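Have a look at the structure below, then the notes.
Readers should treat all values here as calculations from the given coordinates under stated rules, not as data from a laboratory. Keep in mind the model is a prediction, meaning the values are calculated, not measured. Here the Cβ positions follow ideal geometry from the backbone for every residue, glycine too, while neighbour counts run over all protein chains shown.
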Amino acid sequence: MADVVLETRNLTMRFGGVTAVDNVNFKLRRGELRCLIGPNGAGKTTFFRCLTGILKPTHGEVFIDDVETTGWDPQYVARMGIGIKTQVPSVMDGLSVRENIWLSAYRLSGAREADRIAAEVIERLGLGDIARSTVGRLAHGERQRVELGIVVAARPWLVLLDEPAAGMTGEEVERMVDIIHEINRDAALIIVEHDMQFIRSIAAQITVFSQGAVLMEDTVEAVMSDQRVRDVYLGKRG
Amino acid sequence: MDRSALRDAPWVVAAGIIVMFAAPLILNFYTLTLLVIYGMLALSLGLIWGFGGILCFGQAAFYGLGAYAYAISAANIGESTVPMLLAIAIPFVFAFLLGAMMFYGRLTDVYMGVITLVVTLIFFRFMNTTAGPEYQIGQARLGGYNGIPGYQTLNVPGDASAYIWDESLYYTCFVILLVVYVLVRLLLASPFGRIAVAIRENENRVELMGYDARLRKSVLFAIGGGIAGLAGALYASWAEIVTPGLFSLGQSAEIIIWCIVGGLGTLVGPVLGAAVLGYLKFALGQQTAVDNVLVMGLILVVVVLVLPRGVVPSLISAFRHSSRRREPGGRRRRGPRGVRADG
């Protein structure tokens, strides 16, 4: 496996006359934990969707583990061992929590091993009390955790999370931080997020997006103290 | 295999066996056989629509294809075993190809409905134009709107002279329906079935898990087509003639109405819907005071307004609700259950 596990070269995504992602060159190294931040409309989620295959980029290339995956369907990207969590919890509402997680584990492991993995993930994410509940009836934070369970159960080596802490209570966010660090022991992560408090607590390297392009890449402290970032977040012009 | 999803299957089969023996006390075998065949046809759509989320307006195409495949091959072979197999295989393959074309083409519900409906109408129009002598396959003349009569009907496998008809045809059809029901329940409880239900729930998530949702939908669609083809073959054996009317718009619409009234998300619902509405249509057809299409339409409207989930799912919900209330102290069970292949 290469040291750089994910790379984009001149990645561009246009919707008609709007350039949502503009010539982005990005690298993620093995075991790295990286946050993508930026104000609303900065292009973070569009960039994320181009990585996962949900969107086909207009121009540029995506490489995952040295394999060009530009324009691949999400299922093929996922089969490379990539775990993907979308912005709005994407779960199977009519199935139970256990089934959601079991089906994710089953693709790689077979039924018996999937039973074991599902039980382990349910325990790890604190979903035991609601394991038999229908996901459609759960609260938002619980659904977020179920989706994370789906991601983790597939044993990915690269995890892409889009706003994992959105809509969660303070206690749930704390638990999410722990879970992310735990995932990061075995996998590299890209997290799209704009909750600076959350980003500070996971202490990741940061890539700042602004108007579809990369504004800067640095540590939390450096990003927080950068005037350009403040201007972008506060909407300063000129 | 999710064994808990099969908990009620033995009870449904036991109830089915009781109905199989009790129904002839009320109705004649000729009518009952047709109702059982309708039940199997409805079950085929109930599987792909209720569990796979694939709304097919053209289930009649596979039904008619199965009937014609049986009639043509039986007329040529003179024995029913191979024709029965062909009547399942041909609609299965055709449904797989049609499904793959639609699903890999990323067609959504409305367009899928339109395409399946159009395919059915193409069959209907085409079969109506096959009256000429050039439309002959071996010894079977397609016969245009007059259809194909006079082929070998169902016989004991290997003995073409041992016809299965009347009473024995009814019991044979009922047993086949029960076997198909059990096989479909096993399929739905298997990982393939659970993934099919997951695709119905959230196709994007299933793909993000790395599954090929389009292939699985194509296979499920083909299985539904094969079951409809089997129903068509049994119909051909019952009616002793197949006509283009099998592909008609009315036939397609009826199957959907059976499923809506009986209830999607269950297998028993569509079967019961087909049997009850099929009998009603039969009974109404024997009088001239009320137009039976009006009555069918009225039933559909009332059910959609009063029981939008259909009769059987509503009854199951009411039963579960009342059994929860009967628990000591009226306590609710912890956590609702997931969607199951109920009934």
Expected sort for B:29-36, B:146-153 on mean C-beta neighbours within 10 Å, highest first, is B:29-36, B:146-153
Other residues with Cβ under 10 Å from the Cβ of A:E193 give, with Lys and Arg +1 and Asp and Glu -1, a net charge of -2
Across A:R175, A:R49, A:R137, the residue with the highest GNM fluctuation in chain A (Cα network, 10 Å cutoff) is A:R137
For the pair B:L215 and A:D3, the simple spin-label estimate (label points 7 Å beyond Cα toward Cβ) gives in nm 3.7
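Using a Förster distance of 30 angstrom, determine the FRET efficiency expected from the C-beta separation of B:D159 and B:A89, and round it to 0.05.
On the way: r = 22 Å, r/R0 = 0.75.
That pair, B:D159 with B:A89, gives E of 0.85.
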For chain B, the longest principal axis of the Cα atoms and the Cα long axis of helix B:292-306 enclose an angle in degrees, to the nearest 10, of 20
Note: B:193-205 gets an average of partner chain Cβ contacts (10 Å, Cβ to Cβ) equal to 5
Checking B:A239, B:A74, B:A61 against a Gaussian network model of chain B (alpha-carbon springs below 10 Å), the top fluctuating residue turns out to be B:A239
With Cα springs under 10 Å, the Gaussian network model of chain B assigns the largest mean-square fluctuation among B:G113, B:G64, B:G50 to B:G113
Taking a ≥ b ≥ c as the square roots of the eigenvalues of the Cα gyration tensor, with a/c under 1.5 meaning rounded and otherwise prolate when a/b exceeds b/c and oblate if not, region B:3-247 is oblate
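Share of antiparallel DSSP beta bridges in chain A, in percent to the nearest 5? Don't skip to the answer; put the middle values down first.
Details: 21 of 38 bridges.
If we restrict to bridges inside chain A, about 55 percent are antiparallel.
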Of all DSSP beta bridges having both residues in the protein assembly as shown, the percent classed as antiparallel (nearest 5) is 60
Helix B:213-239: inclination vs chain B longest Cα principal axis, degrees, rounded to 10, gives 50
Note to self, the protein assembly as shown gives a 222 nm [θ] from helices alone (DSSP H runs n ≥ 4, -39500 (n - 2.57) apiece, / all residues, nearest 500) of -17500 deg cm²/dmol
Tilt, helix B:109-128 to longest principal axis of chain B (alpha-carbon atoms), in degrees rounded to tens, equals 20
Each residue of A:128-139 has, on average, a number of other protein chain C-beta atoms within 10 Å of its C-beta equal to 3
For chain A, the dipole about the Cα centre with charges only on Cβ (Lys and Arg +1, Asp and Glu -1), to the nearest 20 debye, works out at 420
Trypsin sites (Lys or Arg not before Pro) in region B:97-183 lying in a DSSP loop, each with at most 11 other Cβ atoms within 10 Å of its Cβ, come to B:R106
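Partner chain Cβ atoms within 10 Å, averaged over the residues of B:209-216 - can you pull that number for me? Kindly include the intermediate steps, with their values, before the conclusion.
Values: counts 18, 16, 7, 4, 2, 2, 1, 0.
Partner Cβ neighbours, averaged per residue: 6.
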Listed with the fewest Cβ neighbours within 10 Å leading, A:I150, A:I199 appear as A:I199, A:I150
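For a test of understanding, tell me how many lysine pairs in the protein assembly as shown have Cα atoms under 23 Å apart, given they are 8 or more places apart or on different chains.
7
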Measuring from its Cα centre, chain B shows a charge dipole (+1 at each Lys and Arg Cβ, -1 at each Asp and Glu Cβ) which, in debye to the nearest 20, is 1800
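Quick check for me: using +1 on Lys/Arg Cβ and -1 on Asp/Glu Cβ, what's the dipole size of the protein assembly as shown about its Cα centre, in debye to the nearest 20? Present the calculation step by step, with values, prior to reporting the outcome.
On the way: 52 positive and 50 negative charges, 213 e Å.
It works out to roughly 1020 debye.
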